[in-house]
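S.K.: Before anything else, here's the structure in question.
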Amino acid sequence: MRTLTTILLTIPPFLALLALCAVTPAFALDQVTLQLKWQHQFQFAGYYAAKQQGYYRDAGLDVTILPATPGKDPVLDVIDGKAQYGVGTSSLLLVRDAGKPVVALAVIFQHSPYILLTKQFSASQTIHSLAGKRLMLEPEADELIAYLKSEGISLESLQVSKHTFSINDLIVGNVDAMSGYITDDPHELERAGFAYHAYTPRSAGIDFYGDNLFTTENEIRNHPARVRAFREASLKGWHYALKHPDATIDLIISTYSPQSNRAHLKYEAGQIRQLMHPDLLEIGYMNAGRWQHIADTYASLGMLWNKVELRKFMYDPDPHADLTLYYRIAGALLGIALLASAVRLIKTTRDLKRSEEHIHRQFDEISLINATLEHKVEERTEELRLAKRDAEEANLAKSRFLAIVAHEFRTPLALLSMSVDIVDRYSERLSTEELQNQHQQIRNAKVQMARLIDSVLVFSHQGKTTFPEAPLLLDVAEVCRTVAEEIILAWGREHTFSIVIDPECGEQLLIEIPFRRIITNLLTNALRFTPPGGSVTFSVALQEDRLVIQVADTGIGIPEEEQQKVFEAFCRGSNVDARRGLGLGLSIVNEAVHLMNGTISLISTVGVGSIFRVELPV
């Protein structure tokens, strides 16, 4: 078979030129660069899939995907024009606040995967253990800085160094802590047998977006069609990557990161799916209210100074069209409709005159109806009288309720007043230990009053919390341990307290506020009704697809005939001192458990103790 060159040599030059034009593409692909914020891994799977599946090519784009390198800021490369598109964090708001015209095109992760990783020294270590330590921090990790500031830890108190993109620096001890991603770094540390502790900004209420696709105002202004095509092709790639994770992992290993471990990439894919919530939200969805909340969080911590104009910061893939022509057409149609209405009004007036006699005939029927209505009014009046009586009885019940609440507040308030008076009058004569004891009494009274207020508000529904539509990914061990430590400090100094948390619990999708409320009230209830010197055991375990929480005490126990009513509001046992509580704690627990589609059970013997068991689906 002859080659194309041979064929061209056998025909006239003009026809040869036409033949060359026929085999040349109708148009050249538009070359653009996507700058990643990390090295190649499943974190960027959607972009690899868009390129490999030809989505970029079909959109007329030839896309080069560049990984980040140590010491390089991907956002600056996009701003400086070295790349047209990039992947950034929620700190894009801070860049915008600094006068850089970045624009968020789409949100990939609905929750940020950022965490702080440290070597595990003890089970009781906290975020404040980082003070004075060596911290390896990557660019754009401003939400971690916000997390540290919210905990009262300044960067000046840390030895901060640039990120090397190697988790081995933490393992060998080159640094004491490092920024990382919850999607893959914990898995790497576990494979290395390294005992670690992870801190998430979400524990401080900092829940930001993660891995946001962005560009600049200049790119949108000069190439609007290209921006739209790149965004649509990228999101299409993410749909493919989530639907075909194994094929995408094969692509990453064969083309982008041959040294990657398949099991690690599979673990990362599962974690990323939980951060994206593709079954609940459209991939790429972003909300102006959520961005405003992130901006307000930055501003409250002194990290953002100006008001970001979100209308310019958030890309609108479907801008509103010019509707002037439609308005003019609508105005003309309205005029025609008004004219038709005027004609119809004249006709209607004539019809009304003819209907006057018919109205007179209907008058007698209306009189009969009025008589019937009067009888109904009398019946309704009697119903209102009964309702008024019920309301008066409800007011009496409310008065009794307020009397109980006032009584409960007197004890901690008296303790608080007494301790404050002692400190004010005798502070110079009190020893350090005595002052600490008084301060502890004040703290205990404060905690008790806060919990009374919380219980009353929850029961009365005056302060009922609006829970998020979707659960959050919570570190079960961290939440349980934090709540238990708070309860021990306030109530458990005279008891033996045991905490047993199954390490298999890991991170679970749970509704955070009722989950904390269940633990708090069960532990407080156990300590309140366990005499000094007694013991309380708090255990948490994962059994198949259910999280099992159990609180056992050696307290006074509950009579068998009263156990069926113990979860009702204002229920106090016959063997309970009235000063120990309102009887709302277990009612609040029961409400929270049913909110989370769980179950609660009780085993109790008078004089021996009680065991409360809660099972929650995960």
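S.K.: From the list D279, D246, which one is part of a helix (DSSP H, G or I) and either among the acidic types (D, E) or exposed (fewer than 14 other Cβ atoms within 10 Å of the Cβ) (or both)?
M.R.: D246
S.K.: Restricting attention to the stretch 601-618, report how many residues are at pLDDT 90 or above and under 19 Å from L509 (Cα atoms).
M.R.: Number of matching residues: 4.
S.K.: Being closer than 29 Å to Q274 by Cβ, among the small types (G, A, S), touching a helix residue (DSSP H, G or I) at 6+ places or on another chain (Cβ under 9 Å) and modelled with pLDDT of 95 or more is the requirement here; does A104 meet it?
M.R.: Spelling it out, A104 is indeed closer than 29 Å to Q274 by Cβ, among the small types (G, A, S), touching a helix residue (DSSP H, G or I) at 6+ places or on another chain (Cβ under 9 Å) and modelled with pLDDT of 95 or more.
S.K.: Let me ask something additional. Here are some residues: D184, D169. Which one is crowded, with 16+ Cβ neighbours inside 10 Å and within 23 Å of G86 (Cβ to Cβ)?
M.R.: D184
S.K.: Please work out which residue is nearest to G180 (Cα to Cα), limiting yourself to the stretch 190-225 and to residues that are of a type in the set (A, V, I, L, M, F, W, C) and assigned to a helix (DSSP H, G or I).
M.R.: Among residues in the stretch 190-225 that are of a type in the set (A, V, I, L, M, F, W, C) and assigned to a helix (DSSP H, G or I), the one nearest to G180 (Cα to Cα) is A204.
S.K.: Against the condition touching a Ser or Thr at 6+ places or on another chain (Cβ under 9 Å), touching a residue at least 12 places away in the same chain (Cβ under 8 Å) and buried (at least 22 other Cβ atoms within 10 Å of the Cβ), how does E138 come out, does it pass?
M.R.: Considered against the rule, which asks whether it is touching a Ser or Thr at 6+ places or on another chain (Cβ under 9 Å), touching a residue at least 12 places away in the same chain (Cβ under 8 Å) and buried (at least 22 other Cβ atoms within 10 Å of the Cβ), E138 comes out as no.
S.K.: Any residue that is free of Cβ contacts under 8 Å to residues at least 12 places away in the same chain and either of a type outside the set (D, E) or in the same structural domain as L275 (by TED's automatic domain parsing) (or both) - is there at least one of those in the stretch 559-568?
M.R.: Yes, there is a match, as at least one residue in the stretch 559-568 is free of Cβ contacts under 8 Å to residues at least 12 places away in the same chain and either of a type outside the set (D, E) or in the same structural domain as L275 (by TED's automatic domain parsing) (or both).
S.K.: While we're here: Which count do you get for residues in the stretch 478-534 that are more than 26 Å from the chain's Cα centre (by Cα) and either of a type in the set (D, E, K, R) or not assigned by TED's automatic domain parsing to the domain that holds S604 (or both)?
M.R.: 3
S.K.: Could you tell me whether the stretch 122-133 includes any residue that is farther than 30 Å from S498 by Cβ and not assigned by TED's automatic domain parsing to the domain that holds V75?
M.R.: The answer is yes; a qualifying residue exists.
S.K.: Okay, next question. Pairs please, first residue from the stretch 23-50 and surrounded by fewer than 19 Cβ atoms within 10 Å (Cβ to Cβ), second anywhere and modelled with pLDDT under 95 and part of a helix (DSSP H, G or I), Cβ atoms under 8 Å, 6+ apart in sequence or on different chains.
M.R.: Listed pairs, sorted by first residue: V23/L4.
S.K.: For the stretch 540-571, name all the residues that are hydrophobic (A, V, I, L, M, F, W, C), closer than 17 Å to R528 by Cβ and out of contact with any helix residue (DSSP H, G or I) (no Cβ under 7 Å at 6 or more places or on another chain).
M.R.: Once the filter is applied, which keeps residues that are hydrophobic (A, V, I, L, M, F, W, C), closer than 17 Å to R528 by Cβ and out of contact with any helix residue (DSSP H, G or I) (no Cβ under 7 Å at 6 or more places or on another chain), the stretch 540-571 yields A552, I556, I558, F570.
S.K.: Does any residue of the stretch 112-125 turn out to be part of a helix (DSSP H, G or I) and not aromatic (F, W, Y)?
M.R.: Looking through the stretch 112-125, none of the residues is part of a helix (DSSP H, G or I) and not aromatic (F, W, Y).
The values are calculated or read from the model by the stated rules, or taken from the named source; none is laboratory data. From a predicted model like this one, the values you see are computed outputs, not experimental measurements. Ideal geometry is used to build each Cβ from the backbone, glycine not excepted, and the neighbour counts take in all protein chains shown.
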